[in-house]
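Working notes, beginning with the structure itself.
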Amino acid sequence: MKDITLLKGKIHYVGVNDRSTHLFEGMWPIPYGVSYNSYLIDDEKVALVDTVELGYFDIFLQHIKAILGEKPIDYLIVNHMEPDHSSSIALIKQYYPEVTIVGNAKTFGMIDGYYGVESKRLVVKEGDTLDLGHHKLAFYMAPMVHWPEVMVTYDATEQVLFSADAFGTYGTVDGGPIDTQINLDKYWDEMVRYYANIVGKYGTPVQKALQKLGALPIQMICSTHGPVWTENIAKVIGIYDRLSRYDADKGVVIVYGSMYGHTEQMAEQLARQLTAKGVKNVVMHNVSKSHPSYILADIFKYNGLIIGSPTYNTQLYPEVDAILSKILMRDIKGRCLGWFGSFSWAGKAVGLLGEFAEKSHFTLVGEPVEMKQGMLASVEEQCEALAEAMAKAINNN
């Protein structure tokens with residue numbers, strides 16, 4: 001029988017699928033689930049690259065033993081310490097007590113803090129190597145992609161990059177793990193959303209990592225989430241390169257909150273005017289319905305953003321306020337920003353949105369529009385002016 005776990009050389013896929021969790025990190029919807037990928041190199045010396053989320057350890061161990069039988073694991077390489085990849089370390093140590101854990105100095109600080117695991121340790125630095133027999137491994141540091149201890153492992157023999165969370169995506173691996181074996185349609189938007197949700201703040205570190213790894217010949221990328229990339233390597237690297245440079249398509253995302261429909265009227269007016277000015281990509285998000293995960297993904301996709309809020313208890317509408325903090329947290333650059341708001345008896349929202357605008361790295365566009373109570377012809381004219389300013393700005397950005 002063909003070994004369906006074998007990827008390349010003596011590298012096997014031993015990851016697992018999570019089809020039960022609703023919110024990744026307790027925040028981000030994963031309607032297609034998520035995979036926790038681990039890789040076993042069954043060489044003269046055996047190396048396990050990363051582990052899986054603790055709740056799936058029994059299945060994980062079955063996958064390992066199906067390949068190794070009772071053969072020991074010599075090395076456990078820990079590229080990333082986020083618990084969805086590291087929480088099985090202590091149990092691996094129980095089943096393979098002689099294993100040597102491989103990581104950098106920051107890795108072991110986190111292992112001590114999280115798990116208190118005593119083990120043989122191999123502390124590696126930039127460019128250090130490990131000879132398994134056929135496979136010759138090298139280690140490269142990738143701090144803040146997206147944790148400070150992150151490193152990647154490069155197999156020079158087979159030109160395989162074990163990339164930690166880099167080049168990952170939401171979505172289970174349905175069937176074989178290699179990109180050529182499965183339908184990839186669901187992954188491309190999920191990759192953008194994964195990046196926007198998880199990695200988004202760290203564009204500069206991602207760029208540094210891409211430059212460092214750019215000189216390496218890579219025939220396969222083994223990320224910790226999603227498919228193993230082979231024929232689609234250039235596309236995947238291109239997506240991460242573009243997102244980490246905050247490059248975007250021309251288009252406008254309108255994000256708004258509305259209690260009684262008045263702020264939504266303004267949002268609809270802006271959308272109509274934008275399309276009248278030739279903007280085809282207009283995406284609207286009511287914060288009471290759209291999850292922030294999808295809003296952030298669209299803000300990464302398009303170069304224009306207009307935010308609207310009613311005044312609520314002399315403050316911003318709470319869900320608008322919440323998405324603003326998530327936007328600022330990601331340090332997004334290169335977007336054009338406009339804003340609008342409505343009120344019934346005390347107008348505060350527009351001023352508070354202005355405070356957000358000053359904190360952002362965005363280009364401020366047009367004049368804010370403020371509406372008291374109902375829609376008037378003068379408000380429609382102001383919406384048209386803001387839409388016109390935005391249409392010009394995104395074409396020149």
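Laboratory data are not the source of any read-out in this text; all were calculated from the coordinates shown. Since we're looking at a predicted model, the values are computed, not measured. So basically every Cβ, Gly included, is an ideal-geometry build from the backbone, and we count neighbours across all protein chains shown.
Structure notes:
- GluC sites (Glu not before Pro) lying in DSSP loop within segment 48-105, provided at most 16 other Cβ fall within 10 Å: E70, E98
- Summary: within the chain, the longest segment free of chymotrypsin sites (Phe, Trp or Tyr not before Pro) located in DSSP loops with at most 12 other C-beta atoms within 10 Å is 1-259.
- Listed residue pairs exceeding 27 Å between alpha carbons, taken from K359/K392; K289/K392; K289/K348; K45/K93; K10/K93: K289/K392
- Anisotropy class of segment 6-244 from Cα gyration tensor, a/c 1.5 cut: rounded
- Hull-based mean projected area of segment 239-397, where the convex hull spans the alpha carbons, in square nanometres: 8.3 nm²
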